Amino acid sequence: MRISPVLLIILLIPLRLLALTPAGRTDVIHDLQQGRADHALELLQPVTAASSNDADAEQLLCRLALQLERWDEAVAACQKAVTLDGSSSDNHLWYGRALGEKADRVSFIKAYGLAKRVKTEFETAVSLDPRNAEALSNLGEYYTEAPAIVGGGKDKAAQVAHRLDDVDQARAEELRGRIAMSNKDTAGAEMHFHAAIAATPRSSNYWMILASFYQKQNDILRMQEAIHSGLQAQGGRGEPLVDAAHLLMRTGQDPQTVIRLLREYLASPDKSEEEPAFRVHLLLAGLLNKQGDVEGAAHEIQDATAIASVYHPTRQIATNTGR
């Protein structure tokens, strides 16, 4: 019987000695950003075996599982990361995010219990690192959107925004905009989203947030103007390309422009963990198929499968197309 290289490594090296090197961690993060799920998993599997004690590797495995939409696996890996290193603000932040994703996909009763755990993890992340801007932002968003019965409250969110002022002014203004939207104060929300854009030189993401605001107001012309400004702003060659594509799709805008934006994203070196390339390839495949470009769609499916054969929709589509 032929033993795979990965299994051979596990057999030859004691599990207690397995750990992700700094270079290995950098490689995995790069894989996550580029959407190379198969390679990231290949690097992580030997380290995250049953007896793993590498908290960093477990956090990265959680983040990969989130990309692959394997919610239970994400929760389990992030929970293990927190168990191994409960002093890490980021471990608690990612655990809270994983719990939140799972909560969005379960029954109301189960979601209630999970929501309280999300709140606890975000609050712990902030207490461990009061200057963790992402943790503060996620906590503020939770307080804004969650009902009081699970610890939500706009007064709490406003306090978080005040704390963010000294850490990340743009995020603080974005949070205030979300609070205003929750209060149906559209003028206030628009003002704060503009303030967020003005607060940072890398404003492209905040232009897309403003564009999303206009889309919700059914102000398509201003949405298009905000998208254009965002794509021209610093940072506009990465994730904002996909954000723009989603907004245009949502409002039934020119599909050829959507296809062009997605292709630009896939050709860009500035891809993001939040928009993994394999999912963008599949999104593009669906659009091309609707346009009658069956060959182009098949090519995108092949590209997705080449980097993320472990992604369930990729496997299913590849099987259905006989590839």
Only one of Asp165, Asp155 is outside the structural domain of Leu93 (by TED's automatic domain parsing), surrounded by fewer than 19 Cβ atoms within 10 Å (Cβ to Cβ), more than 28 Å from Pro201 (Cβ to Cβ) and among the charged types (D, E, K, R), namely Asp155
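Yes/no matrix, rows are residues, columns are (1) outside any loop (DSSP other than H, G, I, E, B); (2) surrounded by 17 or more Cβ atoms within 10 Å (Cβ to Cβ); (3) touching a residue at least 12 places away in the same chain (Cβ under 8 Å):
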residue	(1), (2), (3)
Ala125	yes, yes, yes
Pro130	no, no, yes
Ser137	yes, yes, yes
Thr144	yes, yes, yes
Glu173	yes, yes, yes
Gly177	yes, yes, yes
Ala180	yes, yes, yes
Ala187	yes, no, no
Glu190	yes, yes, yes
When every residue in segment 99-155 that is modelled with pLDDT of 95 or more and of a type in the set (S, T, N, Q) is compared, the one nearest to Glu174 (Cα to Cα) is Ser137
Residue count, segment 41-91, condition in a helix (DSSP H, G or I) and either in contact (Cβ under 8 Å) with a residue 40 or more places away in the chain or β-branched (Val, Ile, Thr) (or both), comes to 9
All conditions in (1) touching a Gly at 6+ places or on another chain (Cβ under 6 Å); (2) surrounded by fewer than 16 Cβ atoms within 10 Å (Cβ to Cβ) are true of Val118 except (2)
**Request:** Determine if segment 140-161 includes at least one residue that is more than 23 Å from Ser127 (Cβ to Cβ) and of a type in the set (Phe, Trp, Tyr).
**Result:** no
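Condition check ((1) among the aromatic types (Phe, Trp, Tyr); (2) surrounded by fewer than 23 Cβ atoms within 10 Å (Cβ to Cβ); (3) over 30 Å from Asn289 (Cβ atoms)) across all residues:
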{"site": "Ile197", "(1), (2), (3)": "no, yes, yes"}
{"site": "Ile220", "(1), (2), (3)": "no, yes, no"}
{"site": "Ala226", "(1), (2), (3)": "no, no, no"}
{"site": "Gly235", "(1), (2), (3)": "no, yes, yes"}
{"site": "Gly238", "(1), (2), (3)": "no, yes, no"}
{"site": "Leu248", "(1), (2), (3)": "no, yes, no"}
Checking Ala226, Ala277 in turn, the sole residue that is of a type in the set (Gly, Ala, Ser) and farther than 27 Å from Gln302 by Cα turns out to be Ala226
- Has segment 250-257 got any residue that is at negative phi, crowded, with 23+ Cβ neighbours inside 10 Å and in a helix (DSSP H, G or I)? no
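The values are calculated or read from the model by the stated rules, or taken from the named source; none is laboratory data. Bear in mind the structure is a predicted one, so any value in this text is a computation, not a measurement. Neighbour counts are summed over all protein chains in view; Cβ atoms, including those assigned to glycine, are modelled from backbone coordinates with ideal geometry.
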